Amino acid sequence: MRWLLLLLGIAAAQAAQTNPAKAPAGRFKDTECIACHGPDSPEVQGWRLSKHGVLVRISSPGRAPGCVDCHGAEAHRSANPEAMREVCGKCHSPRYLDTLAANGQRMVAVGEMKQREALALLTQARRRFPADRLQAMEDHYRHLQTHLRNIRMGVGHQSPDHQWWHGHPALDGDLLRIKGAWDDLMRAAIKP
Ligand code: HEC
Ligand code: HEC
Ligand code: HEC
């Protein structure tokens, strides 16, 4: 019996360390944000591959921002744009930040345009076909939303790899697959 309790104890300790369902209250350090969100999560990877993330690893402390510098120690707060301008402004010029913000907004807007196109097709398909035939389309659409989040996060974290490689090309692929799945459904529907 004791071994069972021990196992349960270990499982509980592990659950507390890895990402729980709800964001916990409290103040955290960068290492804790990273451990709990997961070192391989898109948010941590995106930051790690950004110039800031690289500099935090290889340069003198404080030269570039970590999680807490931008999000605050209380965490889980979306980086609010006003506060963020102030944070970035400690190290970058306002003009540079304006350009970045404009580019970022365009990048996200293009992603949202692709999402609308995909959703329009999916909505038509949902009206015409029973749910059990829409599995492929629904799956591709879920992936598309993940990739749109990567773009948003890549923009937020100034991470070219995440806004580009894990963002737009992946999202283009999802959109193509959604169109392909729609074509398959239509072809099957008109077959005698
Ligand atoms: C013990 C676990 C844990 C720690 C430590 C932690 N987080 Fe979180 N965080 C979560 C969970 C769980 C969520 C909610 C996830 C969700 O809603 O998908 C969350 C949500 C967030 C969100 C909002 C995500 C979204 O998609 O809306 C941000 C931003 C965030 N955390 C940043 C941080 C930062 C920065 C730190 C460190 C200062 C940190 N977190 C520390 C578990 C943690
Ligand atoms: C240079 C500032 C900066 C740093 C450093 C930074 N973030 Fe972010 N983060 C942002 C901005 C800006 C966004 C996009 C706006 C938003 O959604 O909050 C963002 C987005 C996020 C999101 C997604 C929120 C959502 O709405 O989906 C999570 C989660 C997150 N960051 C966690 C982290 C973690 C964990 C770290 C450290 C490993 C970190 N961030 C480092 C600025 C930063
Ligand atoms: C603590 C100082 C610090 C803060 C705060 C900071 N940065 Fe940086 N950032 C740096 C340093 C240092 C570099 C590397 C500059 C270089 O290329 O030599 C850098 C690089 C960058 C780059 C890459 C430039 C390139 O040539 O590839 C971008 C983009 C960037 N920062 C945007 C931001 C944004 C947006 C914010 C706020 C969300 C921010 N930074 C906050 C210090 C900071």
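Of everything listed in (1) farther than 30 Å from residue 85 by Cα; (2) within 16 Å of ligand 3 (Cβ to nearest atom), the single unmet condition for residue 132 is (2). Could you tell me which of the residues 75, 64 is touching a Leu at 6+ places or on another chain (Cβ under 7 Å), under 16 Å from residue 156 (Cβ atoms) and assigned by TED's automatic domain parsing to the domain that holds residue 88? The unique qualifying residue is 64. Got at least one residue in the range 78-96 being assigned by TED's automatic domain parsing to the domain that holds residue 33, surrounded by 12 or more Cβ atoms within 10 Å (Cβ to Cβ) and of a type in the set (Val, Ile, Thr)? Yes: one or more hits. Pairing residues of the range 115-129 that are touching a residue at least 12 places away in the same chain (Cβ under 8 Å) with residues that are of a type in the set (Asp, Glu) and not in a helix (DSSP H, G or I), at Cβ distances under 7 Å and at least 6 apart in sequence or on separate chains, gives no pairs at all.
Can we say residue 132 is closer than 30 Å to residue 78 by Cβ, of a type in the set (D, E, K, R) and more than 16 Å from ligand 1 (Cβ to nearest atom)? Criteria not met by residue 132.
Note on the range 58-81: residues that are free of Cβ contacts under 8 Å to residues at least 24 places away in the same chain, more than 7 Å from ligand 3 (Cβ to nearest atom) and in a loop (DSSP other than H, G, I, E, B) amount to 7.
Screening the range 85-121 for residues that are among the hydrophobic types (A, V, I, L, M, F, W, C), touching a helix residue (DSSP H, G or I) at 6+ places or on another chain (Cβ under 7 Å) and under 22 Å from residue 51 (Cα atoms) and picking the one that is modelled with the lowest pLDDT gives 87.
In the range 97-106, the residue that is nearest to ligand 1 (Cβ to nearest atom) out of those that are surrounded by 13 or more Cβ atoms within 10 Å (Cβ to Cβ) and within 20 Å of the chain's Cα centre (by Cα) is 104. I want to confirm something. Restricting to the range 28-54 and keeping residues that are more than 19 Å from the chain's Cα centre (by Cα) and closer than 22 Å to residue 83 by Cα, which single residue is nearest to ligand 3 (Cβ to nearest atom)? My answer is 29.
The values are calculated or read from the model by the stated rules, or taken from the named source; none is laboratory data. All values reported here derive from a predicted model rather than from experimental measurement. Every residue, glycine as well, gets a Cβ built from its backbone with ideal geometry; the counts of neighbours run over all protein chains shown.
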